[in-house]
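See structure below.
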Amino acid sequence: MNPEHPRSPGQPVIPQPIRSDGAGNIDLGPRDIMRDRENPDMFVPPVTDNGLIPNLKFSFSDAHMQLNHGGWSREVTVRELPVATTLAGVNMSLTPGGVRELHWHQQAEWSYMLLGSARITAVDQNGRNFIADVGPGDLWYFPPGIPHSIQGLAEGCEFLLVFDDGGFSDLNTLSISDWFAHTPREVLSANFGIPETAFAYLPKEQVYIYQDQVPGPIASQRIESPYGEIPLSFKHRLMAQPPLKTPGGSVRIVDSSNFPVSRNIAAALVEIEPGAMRELHWHPNNDEWQYYLSGQGRMTVFGGNGDARTFNVRAGDVGYVPFAQGHYVQNTGTETLWFLEMFKSDRFADVSLNQWMALTPHELVSSNLHAGPELMNALRKVKWPVVKYPEQQEQPQGKEHGSRKGSVVTFFAAPITPGHANNKKRPDSPSAPLFLISNFQYITQFSQYLAIHRSLQNA
């Protein structure tokens, strides 16, 4: 059987849902071919996939975009990804001077700066204040109920916000403008001791994000509090933290042990080189919420009772792994894969399948798995979060990507992913990716996308 759609010479091959063992059939009906190409292991699942694992992936590209003068935001919550009950994420961008207004939450806020820089401020219940500038790779954390603000600096910024409640929405928070708009002016007058006329020009509804001037140097905005500064910093420089390096990549772990104020959310920033993988493991503390920063890969989640499902992931995707379910993340591309794995917990914890087997009586492991000396001698007592072995050869890459092993899905000559991040690196941090694509690269890739789209429509 020929799994390829008839085509003219030079026209891109259309993938078909047929496995190498012959299972499946040609799909000639309505379909999103570009999405099928982006998800080869979902389109033609590994033969080991089985059962009823729910959807564990949602892309921010499919989320509603909230546009304001001063910036934008979009979110992935239980409304978009119903299984993700422990954490919710917001992707936000602020223009130079753009302000996420003075507000507070009933949930903890954890954030990772993707691009640019911002100024954050906060005041705690004891009148102690905080102000700091944050740049790429920096984190901040605001405990529940602590009022704060975020403002883009000269180059603007884009960041990820994570909240410890899957049902959270950033559009339904406690904002200063919203409170003023819904408080009688005579009450405001009595509270502040000034005439009601002073409140004549208040916003009539929640401002959320608005455009302002770029703030001056941080020293010019510091306000001395009679109660001093907040004792535990709300800022953490994650990319300045030495990573745990293993063959194939690195991991930076941040939780309350090295970022003491972060008592509700723990995280790890994972780097996986081409040909490497985040090893087979699970987490004994809570569900895992993931955000993919760059590159592409695949993840299989094992849920017990024969259930397993594979997902393809790429920059901008949110992934999710329910509590204690086994999984791995494998780099399937030619660029480094970076992602965040996050937990509603004060500490990061994972159990390595390899280490567990290595520290269990070998006779027991061998008899349980019918395993011989080759596997038993390869086990490691020391955990390697990311693994890559020299003897494992990467798939050859020619002018045109070949068919995936175990399937007959054929790819484009190069990935066509308009708007997805590339892997430029910060000059001051050789191992840190910059998740930004240049206008020239974007226009070039988008032009390629349109040409291919037209050719497929005329097929």
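What the table shows:
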read-out	value
Length-normalised contact order of segment 296-342 in % [C-alpha pairs under 8 Å, at least 6 apart]	46 percent
Relative intensity, log₁₀ I(q)/I(0), of segment 195-297 from a Debye sum that treats every alpha carbon as a point, q = 0.12, 0.17 Å⁻¹	-0.75, -1.05
Förster radius 45 Å - calculated FRET efficiency between Thr334 and Val214 (Cβ-Cβ, nearest 0.05)	0.70
R0 of 22 Å, Cβ-Cβ distance Phe180-Met65: FRET efficiency to nearest 0.05	0.20
Separation of alpha-carbon centers, segment 312-360 and segment 102-144, rounded to whole Å	26 Å
Formal net charge of residues neighbouring Arg128 (Cβ-Cβ distance under 14 Å; K, R +1; D, E -1)	-2
Stretch gain in nm, segment Leu171-Ser233, where the contour uses 0.36 nm per residue and the Cα spacing is subtracted	19.7 nm
Ile14 long-range amide H proximity, modeled H, under 5 Å	His5
Sparse-neighbourhood loop sites, GluC sites (Glu not before Pro) in segment 180-256 - DSSP loop, at most 15 other Cβ within 10 angstrom	Glu205, Glu224
Computed FRET value (nearest 0.05) for Asp49 with Ser366, which takes r as the C-beta separation and R₀ as 25 Å	0.35
Rounded to the nearest 20 debye, dipole of segment 232-341 from Cβ charges on Lys, Arg, Asp, Glu	260 debye
Length gained when the stretch Gln221-Leu375 is fully extended (0.36 nm per residue, less Cα-Cα span)	49.3 nm
Probe 1.4 Å, all protein chains present, accessible-area order of Lys344, Lys245, largest first	Lys245, Lys344
√(5λ) per eigenvalue of the Cα gyration tensor, segment 51-112, largest first, Å	27, 15, 8
Net length gained if the chain between Arg128 and Glu196 were fully extended (0.36 nm per residue, minus Cα distance)	21.5 nm
Cα extents of segment 171-215 along the three principal axes, largest first (Å)	30, 26, 15
Translational D in µm²/s for segment 107-243 (Stokes-Einstein at 4 °C, 1.567 mPa s, Kirkwood Rh from C-alpha pairs)	76 µm²/s
q = 0.13, 0.16, 0.18, 0.24 Å⁻¹, segment 56-166: log10 I(q)/I(0) [Debye, one scatterer per Cα]	-0.48, -0.73, -0.92, -1.40
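The values are calculated or read from the model by the stated rules, or taken from the named source; none is laboratory data. The model shown is predicted, which means the values in this text are computed figures rather than measured ones. Because the Cβ atoms are built from the backbone with ideal geometry, glycine has one as well, and the counts that use them run over all protein chains shown. Surface accessibility is based on the protein's heavy atoms, side chains included, excluding ligands, DNA and RNA. Shrake-Rupley method; radii C 1.70, N 1.55, O 1.52, S 1.80 Å.
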